[in-house]
Amino acid sequence: MGRHTCATIVALAILCVVCGRAAASPGTIKFGVADDTGKYAADSGAEFYARIAASGLGNDRLTVMWDPANPTTITEQPFLDRTIPEAASIGVNLILSVRPERANAIGGSLVQAKRFAAFVALLATTYPTVKTFVIANEPNQPRFWQPQFRNGKPVAGHDYERVLALCYDALKKVDPTITVVGGALSGRGNDDAHALSNRSTSPLRFLYDLGVAYRASKRKAPLMDLFAFHPYPRSSLDSLKKGLEWPMAGYANLDRVKQGLWDAFNGTGQPTTETGLGIMIDEIGWQVRVASSAPDSPYVGVENVPVTTEAKQATIYGQLVRSAECDPTLKDLFFLPFIDETSLTGFQSGLLRADGSERPSFTTVTNAIAATGGRCIGRRVVWKHARTVLGAQVFFHGLAIPKVASRQRAWGFAVRTAEDARYVATVVPVSGSKRTTADVPTAPAAKMRTVGYAKANWTPLVRFPKRHLPPGRYAYHLVLQAAFNPARKRVVVSRTFVVRP
């Protein structure tokens, strides 16, 4: 994810312009690729960009590295000087994804954050035709951003918030029409500061931390115009509809991402997806099986992940185009890469094989873009933020309500949620002889109380202390609060039950 995707000389040599293909989509969503091949091509990317344009993919996201040892030097300027005008002449729009050369280059350093922002502004000044900049790459992953934790506490989101704010202001000073893209988050992360490997931050945890830092800064200006996300599948054997476990997110879980953005920024100067913030999927791909044993194969090495077939990849990529066109929040979708990497430890999820030949997905994507013209053909996605705890279910029946509780010593019930939530549970007396819960008192009147944490998609028991209740009428009272937004609550009250003498 986020790799340089450099094609081989063999691939570039046979790239050709395919005439008569669909033009770029005129709709609200723009399709493209994330691939650096054109930047390094001997012809400045002329054939490569022509191939992209012919497929109906009008955008290419290039990677630009910042060297902290030479903070004011554009190290790949000779390549950029050639390839940026070449892409423009062919009609391919370039987006620059700018990130530190070393994962620990910025961290919590204000000095380094300012230097990085100045470098991003230098890029915008040097290349005024480039109007979209992605700030950093997967800052919730230690491969690209360190530290993720300090003294066991997550800090990457807080540190990144400052960098993003500085870059936003620096770029808008150069040109107010520039689109600043924040996030570029991986869909994965373990939130484990003590993990043996890959001590990373889940995307929803990262958004929570980003929002906390933004609110604490008292900043009134936004942080970003678009939010970038990398919803790779857990396995390339998965369908488009199979998501990841909360607090991670795949393409099928974009509602979680929208909710996370709302939780983080609702009521602040940073728009959410309900108030104008769009989502850019600037990396996505399903890897396929390739023939590496043939003598003339351009591929080398051994595959290190499960892979799918070319036919299934084509089906999924066609579904992606049509699905994305029906989600008004999505403004861009870029396949990574356009042409396979030759090393099997890299990415073989391209629309072209490493020798430049077309996969079935190339034709499927081209035809889908041409057929739909950027329009939604199907059911349009409508999303509305939640104000309660997602997926909350409480199971009182059988487990929770004793028939005659005079000898009951162990009290409890089960709860299940679709997101992590804290809870406060009480056993409260109910006055009168009513068998309803209309007048159930609040927690201060509780006879028993317990607090806990409900993990997403588990069904923990809410247990109370082992003690005897005096005779009377009671009810269970449960208050759930979403872990990443305590303002989202769910209150559940059981039917009443009687403890007899």
- Task: Please verify whether the stretch 115-134 includes one or more residues that are of a type in the set (G, A, S), surrounded by fewer than 19 Cβ atoms within 10 Å (Cβ to Cβ) and under 23 Å from the mean Cα position of the chain (by Cα).
- Result: no
When restricted to E325, E303, the only residue of a type in the set (D, E), surrounded by fewer than 23 Cβ atoms within 10 Å (Cβ to Cβ) and on the phi < 0 side of the Ramachandran plot is E303
Only one of V493, V499 is among the aliphatic types (A, V, I, L, M) and more than 17 Å from V389 (Cα to Cα), namely V499
Of the residues in the stretch 227-242, those that are surrounded by 21 or more Cβ atoms within 10 Å (Cβ to Cβ) and either part of a strand (DSSP E or B) or more than 11 Å from the chain's Cα centre (by Cα) (or both) come to F227, A228, F229, H230, P233, S236
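Rundown of residues vs (1) outside the structural domain of Q259 (by TED's automatic domain parsing); (2) closer than 30 Å to P222 by Cβ, yes/no style:
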site: G301; (1), (2): no, no
site: P306; (1), (2): no, no
site: Y317; (1), (2): no, no
site: S323; (1), (2): no, yes
site: L352; (1), (2): no, no
site: W383; (1), (2): yes, yes
Are any of the residues in the stretch 229-248 of a type in the set (G, A, S) and without any contact (Cβ under 8 Å) to a residue 40 or more places away in the chain?
yes
The number of residues in the stretch 59-69 that are crowded, with 22+ Cβ neighbours inside 10 Å and part of a loop (DSSP other than H, G, I, E, B) is 0
When every residue in the stretch 386-427 that is hydroxyl-bearing (S, T, Y) and modelled with pLDDT of 70 or more is compared, the one farthest from the chain's Cα centre (by Cα) is T426
For the stretch 343-372, pairs from a residue that is under 14 Å from Q319 (Cβ atoms) to a residue that is assigned to a loop (DSSP other than H, G, I, E, B) and modelled with pLDDT of 95 or more, with Cβ under 7 Å and 6 or more apart or across chains, are S361/L351; V365/L351; T372/E325
Filtering helices (runs of 4 or more DSSP H) wholly in the stretch 70-179 for at least 2 residues that are farther than 28 Å from G38 by Cα and of a type in the set (G, A, S) gives 156-174
Across (1) crowded, with 24+ Cβ neighbours inside 10 Å; (2) out of contact with any Lys or Arg (no Cβ under 8 Å at 6 or more places or on another chain), D209 clears everything bar (1)
Of those in the stretch 433-490 that are surrounded by fewer than 13 Cβ atoms within 10 Å (Cβ to Cβ) and at pLDDT 85 or above, the residue nearest to A421 (Cα to Cα) is Y453
Going by the structure shown, is Y251 crowded, with 23+ Cβ neighbours inside 10 Å, closer than 23 Å to A483 by Cα, assigned by TED's automatic domain parsing to the domain that holds K153 and within 11 Å of the chain's Cα centre (by Cα)? yes
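I'd like to verify a number: residues in the stretch 135-153 that are at negative phi and surrounded by 24 or more Cβ atoms within 10 Å (Cβ to Cβ), how many?
7
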Pairing a residue in the stretch 262-286 that is in the same structural domain as F133 (by TED's automatic domain parsing) and more than 30 Å from T308 (Cβ to Cβ) with any residue that is hydrophobic (A, V, I, L, M, F, W, C) and part of a loop (DSSP other than H, G, I, E, B), where Cβ atoms lie under 6 Å and the two sit 6 or more apart in sequence or on different chains, gives D263/F484; G269/A221; Q270/L223; P271/L277
Screening R205, R215, R219 for residues that are basic (K, R) and under 15 Å from the mean Cα position of the chain (by Cα) leaves only R205
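The values are calculated or read from the model by the stated rules, or taken from the named source; none is laboratory data. Keep in mind the model is a prediction, meaning the values are calculated, not measured. For neighbour counting, all protein chains shown are included, and Cβ atoms are generated from backbone atoms with ideal geometry for every residue, glycine included.
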